[in-house]
Every structure is written in structure tokens, then in C-alpha cells.
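Working notes, beginning with the structure itself.
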Amino acid sequence: MRTIRIFDTTLRDGEQCPGASMNPKEKLEVARQLARLNVDVIEAGFPISSRGDFESVKTIAREIGGSPGPVICGLARTVQADISAAGEALKPAKHRRIHTFIATSEVHLQRKLRKTAEEVLELAVKAVRMAKAYTPDVEFSPEDAARSGFEYMARVVAAAIEAGATTINVPDTVGYSTPTEFGAMIRKLFETVPALGKAVCSVHCHNDLGLAVANSLAGVEAGAGQVECTINGIGERAGNASLEEVVMALKTRRSHYGVGVDIRTEEIYRASRLVSRLTGFAVQPNKAIVGVNAFAHEAGIHQDGMLKEASTYEIMTPQSVGVPESRLVLGKHSGKHMVRRKLEELGLAVPEAQLGRVYDALMALADKKKHVYDEDVAAVVEGTTGAVTEAWKLEELETASGSKKTPTATVKLRKGKRVATARGQGDGQVDAAYKAIGRITKVNPELTDYVLRAVTSGADAQGEVTVRLRWKGREVSGRGAHTDIVQASARAYLNAVNRLLNPAGGGARPGKSLAQV
């Protein structure tokens, strides 16, 4: 079985996306995560583009490029200065690659390069030979290959291999191709250039028509041995092929593609969140593999299936990509099975005879608001059945901090008739509030996850915080919402603490999905 090499260009092509630039420290942080992900090649940057990029590539080559480890790659145009800069920046890496490129499409030759086909071919050959002086591992790309005249593009590829290129990358630079066309082009290239069989054929597809992943997979089916992609699919214009989608398609449909990958897929979600945080580019909720809804289910039929057997509606486990668990979301499409499970999870005892009334009340509420929180469920149960849940409730929260002042928080909680107040100090207002809550509840769990997102927009936007806590062998999640993010954070934390204190309050054992609890 062939193993497909994963060439990650998040730090080069991905960072070229407007607004996505990272400083050297951030680029090194991403590179470390890519190494944990076990990508085969990290394209660390374009050394000639700036002094900062040169230093970033050099640092990554030094810090990440040891053995064993990924190949560290630098991009260079077909000019001496670019290749020299790349060679110099990559020196510290034990496994290094120079990736040089020049366009072969008619529009690029005439309008951008303003050179003849013969001049471009000569530049390609010279560049590969120059790069070979710095490293035996040289990659060549005929830019805009998908729109190039095939015979000429194939001629340039053959010349680059003869000059010493060990990897030939075939880019769909502007995302113009279709899977059928792209796959046919790769197959024809193997037939036309026999020497390509001795090199590694790579594909690099852009997403202008939303076909980057499909085109990349078509390239693999046609014989390509390397796929160039980015975390979350970031990149120029509409982006690049998404690493997580390519990898999980190859892994999940291994029987179809007949290839393997060496990626540690459990690191995918962490990589996605890291890149999103550092670039400021939020991952869309319905994004495949890493979107917040990728393993979330609201439809009653789906939830019923998930509660019985997760594989009914999930073709991969959330844990396989590093997502803690599946989420069964209570909403207007939920059925009674989900309502019953949510009540059990929250430790709310509702007689079977009253379940119908509670269900109807919750569905009426779900029709009025997008998110039904655990606090809403408890309130509906109390209002419908008269049941009172003994749990800590947040009465007051006051915080103080400053540039020369240790953040503090004073919390007042109520549990039935009991009222307790405590003060905490921490690294920030949220941490201080959590410590104060711990002093009252006597629960000091490990915070394993914290997610903040805006529910609404504008200056008065409401923020939703989701936390995940681990304590005494149990893991639980909690949610809270408020226009003040510290208040939202405290509510989410207290929500999870109440579950930990309630023996019937649900909570997964580490490694189990919600459907398996």
C-alpha cells in the first residue's frame, strides 16, 4: 500500500492569506504542532520575502529540523538570490528541501513574466541545478499547471527532473480545474514523462471553486504521492486544500483509495484551534472534521440513532481527530429520547407521566431561542413539575485587576437557603473567579478545555463559554452565556462543578463519547 506524503504549507501559502500573518514566535509554535501531527514536510516560509521570514525559516530549521523529524522546506523563485536565501535559511535542518517554481501557462508567460517559453524552460533548469548545490532534495512546480498547455508543461517537468528535481508539484494555482480534468492530467503526465515515476509527484490545489480537496484526492487516485495542504484550508483567496479533510478522507475511505498516511490524526483538532487562534480566522461551524458542528446532532432521529450506536450517524469517532466527544444538542428538532438523556445528565428526576409536559415546554422554548442551556432545562423542569434542584447558583460576582494589580474575584453562591462568599486570586479575572468558586464548593478540578465564542454581534454581543473539567476520574462539560465574558466563564464553570457534585449528573469517563456514556 502506498503511503501519501503530507506537505503542509500553512506557514507559507496559508500565511499569505490576507490578515493571517504570524510573527516568528507564532510560526515556531505552529511548526511544533505540525511536527506533533507528524506531517512529512513543513514549508516554513519564503525566505527572500522578508528578513522576518528568513529568520522564521532558519529558526524552524534549527528547532524542528532535527532527526527524526519532518523535512523543512523553503520556497524560492527561479532566481539566484531566492535560492541562496532559501539554502542559507535551511542550513540548520538535517532534512531540508528547496521548492522552486515558475509559471508555465500562456497567460502567465505573456502577462506576468513577459518571457518566451524557451526562456522559462531555461530558468527552470538553472534553478533546479542551483538548488541542488544546497540540498539533494529539490521540488519544482510549474505554476498554474492546470491552465498550461499540456505538452509544454510536460516538457518543462521532464527537463526539471533531468536537472535533478526529486519532487514535481503540479499546482492548480487558481482553483480552475475539476476532479475529472485534474486526475486525467496527472495520469497523462505519468504517461508522457516516464521519469516522473522515479520522482515524487505532488499536487497543490486551490479552492476558488470549492474543489481543492476533491481535486487533490483525484490526483492521489491518478498516482500522486504527495498532497500539499494547509490547516483549516487557509491560503490565498478562497484557500488551499484542507489538511484535515484530505487526511481523514484518505483514512476513512482507505479501502477506496488504497493508500495510507502517517499523520497522527488525534492532533488534528489541536492544530486547527491553534491556527485559528493565532491567525484570528474562526473555523466555520459546519467545517468538515474540525467545525463545532462536525460531531453535533440535533435532529431527533439522529440523536436516537446516536444514543443506540454512534456509527449510525458518524463515519469517524470524534476522538480520532482529537475532539473530546460528540455533542447531542437540545433544540427544537430533538425528540423525547434526547430530552430524557439530558434530564438524566443533569440529575433531574422527572416522573414518566410528566415527561410529555416537560418535553412540550422545552420544545416551545426551543422555538423561541437558538440555544437551550442547561439552566433553561432546569428552569423548565422546576416550572413544569415543581421540582427543585439543589445546586450552587451564582448570586454575585465582582472582579478587579490592573497592570500592577493581582487579579481578584469575590463570588457569592447560593445553594437552597445557604449563602457563601469567597475571594480568589489568579492569573486573570476568570482564573480568580474559578479559585473563589472552588473555595466554596470544595471542588478544584482540572480545566481541560475552555472555549469562548460570540453568540450575537455588536458592542453588546453575548458571549458563550464552554468548559470541560476533569475530577476524580470523571469529565463533564459546562456552558454559560452573558454579555460579560467573566460572568459567562463563571456560569459555565459553576454549571460543570454542579454536575461533578451530582452523582447522577452525567459526565464522561475519559475517552468516551457522549453516545457511549
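Summary table
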item	result
Flag for ALA224 being out of contact with any Asp or Glu (no Cβ under 8 Å at 6 or more places or on another chain), crowded, with 24+ Cβ neighbours inside 10 Å and farther than 27 Å from ALA44 by Cβ	no
Matching helices (runs of 4 or more DSSP H) fully within the range 133-247 where at least 1 residues are of a type in the set (Phe, Trp, Tyr) and in contact with a Ser or Thr (Cβ under 8 Å, 6 or more places away or on another chain)	150-163
Output for the range 349-382, where each listed residue is part of a loop (DSSP other than H, G, I, E, B) and at pLDDT below 80	ALA349, LYS369, LYS370, HIS371, VAL372, TYR373
Subset of the range 410-454 (residues that are buried (at least 18 other Cβ atoms within 10 Å of the Cβ), touching an Asp or Glu at 6+ places or on another chain (Cβ under 7 Å) and among the small types (Gly, Ala, Ser))	none
Out of VAL30, VAL39, sole residue that is modelled with pLDDT of 95 or more and either in a helix (DSSP H, G or I) or small (Gly, Ala, Ser) (or both)	VAL30
Single residue of GLN319, GLN284 found to be outside any loop (DSSP other than H, G, I, E, B) and not assigned by TED's automatic domain parsing to the domain that holds HIS204	GLN319
Filtered residue count, the range 52-74, keeping only those that are over 24 Å from the mean Cα position of the chain (by Cα) and within 22 Å of VAL128 (Cβ to Cβ)	1
Where a residue in the range 305-323 is without any contact (Cβ under 8 Å) to a residue 24 or more places away in the chain and its partner, wherever it lies, is surrounded by 19 or more Cβ atoms within 10 Å (Cβ to Cβ), with Cβ under 6 Å and at least six apart	TYR313/HIS302; TYR313/MET306
Filter result for ASN38 (over 24 Å from ALA199 (Cβ atoms) and among the polar types (S, T, N, Q))	no
Residue match in the range 472-489 (condition: more than 25 Å from the chain's Cα centre (by Cα) and β-branched (Val, Ile, Thr))	yes
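Rundown of residues vs (1) touching a Lys or Arg at 6+ places or on another chain (Cβ under 6 Å); (2) in contact (Cβ under 8 Å) with a residue 24 or more places away in the chain; (3) under 30 Å from ALA184 (Cβ atoms), yes/no style:
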site	(1), (2), (3)
ASP53	no, no, no
SER56	yes, yes, no
GLU63	no, yes, no
SER141	no, yes, yes
TYR152	no, yes, yes
ALA160	no, yes, yes
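The values are calculated or read from the model by the stated rules, or taken from the named source; none is laboratory data. What you see is a predicted model, and the numbers here were worked out from it, not measured in a lab. Note: ideal-geometry Cβ built from the backbone for every residue, glycine included; neighbour counts use all protein chains shown.
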